[in-house]
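Following: one structure in structure tokens, then a few remarks.
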Amino acid sequence: MPLRSGGNLISTFGIGLLPPYAMIGVAAPLLLTFLRLVQGFALGGEWGGAVLIVSEHGGTKRRGFWASFPQAGAPGGNLLATAVLAVLAAVQSDEAFLSWGWRIPFLLSAVLVVVGLWIRLAVAESPVFLAAARKAEERGAAEKAPIVQVFKHSWRSVLIAMGARMAENVSYYVITAFILVYLTQILDLDRSAGLTAVLIASGVHLVTIPLWGLLSDVVGRRAVYLFGAAGMGVWGFVFFALLDTRSFGVIVLATTVGLVLHGAMYGPQAAFFSELFGTRVRYSGASIGYQLASIGAGAVAPLIAVALLDSWDSTLPVSLYLAAMCLITVVAVVVARETRGSSLEEDPDVVAAVPAPGQQ
């Protein structure tokens, strides 16, 4: 994990120092693409390590609550980034921001990455993982690579994780990124209005994510996740209708409710994904499911939303696109087993595959 944190630090800081196109030509967009790829790979490994080490250190009864805190890092980071952008929008002209102001958030983010690297180096492996490693050593058998075991025994769990991420990932980028395009280019509102709305909503999002995680410890992961997915499928239609009022207060309400519903999926997600996999493949399985969904969902969501809006000159196709992603997530969560209260010391897929006595 330290190498991944270092990669994130170098790529993030490097984007802030990237020479412009006028200075180095086509090398500028190529370098930007390369740095973004490094950033994505580093983040992919970091997410899995962060949520799993919290899940495995936490107790069974409050695992959803404790595992939701790394998830709160997303709105926390978005809160800080949006706050910086809001300040820059207030004190800079658009020309100054496009010239050099956009570099400031990237340079400042390096401080947070250094803090994250320090935390990673200070935290030991979880007791659950160490116990599994000891058992493997006692057996004395050479184990296959985790990724082989994932696709051999846990492919169904990977598909469930991917499906569960579709609505969560797409909705987040529609609400926090596409909204800025829609408000400024379609509704002709000032950029600061959208940034401030996302800033306020992210603050509420940050607080409610652990609450959703806590609720999943009481009523189950699936119930909370399904509420968020179904609610988001409906809210996608209401969301744009409220934005069209051009009222700042209504825009804040639309964004806040959207992120609260997103939190109902994102809050229990870390514990839910952790509990889908056995100890020896948990890191690989959860990370693969999470990141493959990111490629097919969040990575292209803003592009698809913009393309749909341009093609149809209406937000209805965007809402339908979001509703379709929510339907995929509902199906994935419905077919999943309830994982609340399950032990992280067992491999649910391997255990399920072993015939009971008398059935051999």
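Looking only at the stretch 288-299, which residues are in a helix (DSSP H, G or I) and buried (at least 17 other Cβ atoms within 10 Å of the Cβ)?
288, 289, 290, 291, 293, 294
Restricting to the stretch 305-327, and then to whatever is without any contact (Cβ under 8 Å) to a residue 12 or more places away in the chain and not in a helix (DSSP H, G or I), can you tell me which residue is nearest to residue 154 (Cα to Cα)?
For the stretch 305-327, the residue satisfying everything is 314.
Please determine whether any residue of the stretch 201-217 is touching a helix residue (DSSP H, G or I) at 6+ places or on another chain (Cβ under 9 Å), buried (at least 17 other Cβ atoms within 10 Å of the Cβ) and acidic (Asp, Glu).
Checked against the condition, which is being touching a helix residue (DSSP H, G or I) at 6+ places or on another chain (Cβ under 9 Å), buried (at least 17 other Cβ atoms within 10 Å of the Cβ) and acidic (Asp, Glu), the stretch 201-217 yields at least one hit.
Residue-by-condition table, conditions (1) surrounded by fewer than 16 Cβ atoms within 10 Å (Cβ to Cβ); (2) at pLDDT 65 or above; (3) among the aliphatic types (A, V, I, L, M):
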| residue | (1), (2), (3) |
| --- | --- |
| 119 | yes, no, yes |
| 134 | yes, no, no |
| 137 | yes, no, no |
| 189 | no, yes, yes |
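For residue 302, indicate whether it is modelled with pLDDT of 90 or more and either part of a helix (DSSP H, G or I) or among the aliphatic types (A, V, I, L, M) (or both).
No, not satisfied.
Which pairs have Cβ atoms under 9 Å, sit 6 or more apart or on different chains, and link a residue in the stretch 146-167 that is farther than 20 Å from residue 233 by Cβ and aromatic (Phe, Trp, Tyr) to one that is at pLDDT 80 or above and part of a helix (DSSP H, G or I)?
Pairs that qualify, where the first residue is farther than 20 Å from residue 233 by Cβ and aromatic (Phe, Trp, Tyr) and the partner is at pLDDT 80 or above and part of a helix (DSSP H, G or I), are 151/158; 151/288.
Suppose we filter 79, 35, 43, 31 for residues that are at pLDDT 85 or above and either of a type in the set (Gly, Ala, Ser) or surrounded by 14 or more Cβ atoms within 10 Å (Cβ to Cβ) (or both); which single one remains?
Exactly one residue qualifies, and that residue is 31.
Of the numbered conditions (1) modelled with pLDDT of 95 or more; (2) buried (at least 23 other Cβ atoms within 10 Å of the Cβ), residue 273 satisfies every one except a single condition; which is it?
(1) is the only condition that residue 273 fails.
Failed condition for residue 85, given (1) assigned to a helix (DSSP H, G or I); (2) at pLDDT 80 or above; (3) over 19 Å from the mean Cα position of the chain (by Cα); (4) not acidic (Asp, Glu), with all others met?
Here residue 85 meets the rest and fails (2).
The values are calculated or read from the model by the stated rules, or taken from the named source; none is laboratory data. Keep in mind that this is a model prediction, so the values were computed, not measured. Cβ atoms come from the backbone with ideal geometry, glycine included; neighbour counts cover every protein chain shown.
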